[in-house]
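Student: The structure is given below, and queries will be raised subsequently.
Read-outs: derived from the displayed coordinates by stated rules, not from any lab. In this text, all values refer to a predicted model and were calculated from it rather than measured experimentally. We place every Cβ from the backbone using ideal geometry, glycine too, and count neighbours over all the protein chains shown.
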Amino acid sequence: MTNEELQWNIRVYSNLYPKNSNPKPIAKNDLIVGKSYTGICRNANVAKWNGEKFEYQRTKFGSTFTETINHFEDDNGYDVFVPFEIV
């Protein structure tokens, strides 16, 4: 994830959650296994850290299923989750 993309995510998050006027993305090393975080990705704004990836519930065409997504530090060219606050 480029710095410009990260800054865009920070601006989007601060617009969605104005109470957190100066959001800072949480580094991968600071995440707690089993805890949920608010953040930004294409399909969710809350996801749970499993120690390797984030998990979230996605609904598509009427079906709900668990999907995983990388932390932004592990960008592989697909969507990533940028966590900002623990739930």
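Student: Mind giving me the nanometre distance, one decimal, between the label points for GLU85 and ASN43, set 7 Å out from Cα along Cα→Cβ?
Tutor: 2.5 nm
Student: Would you calculate a helix-derived [θ] at 222 nm for the chain, using -39,500 (n - 2.57) for each DSSP H run of n ≥ 4 and dividing by the full residue count, to the nearest 500? Mind showing how you got there, number by number?
Tutor: Values: 1 runs with 14 residues, N = 87.
Result for the chain, helices only: -5000 deg cm²/dmol.
Student: Please determine, in degrees from 0 to 90 and to the nearest 10, the orientation of helix 3-16 with respect to the longest principal axis defined by the Cα atoms of the chain, where the helix direction is its Cα long axis.
Tutor: Relative to the chain, helix 3-16 is tipped by roughly 80 degrees.
Student: Taking just the C-alpha trace of region 33-81, give me its Rg and Dmax in Å.
Tutor: 10.5, 31
Student: Rounded to a whole number of µm²/s, how large is the Stokes-Einstein D of the chain at 20 °C and 1.002 mPa s, given Rh as the Kirkwood radius over C-alpha pairs?
Tutor: Calculated translational D: 163 µm²/s.
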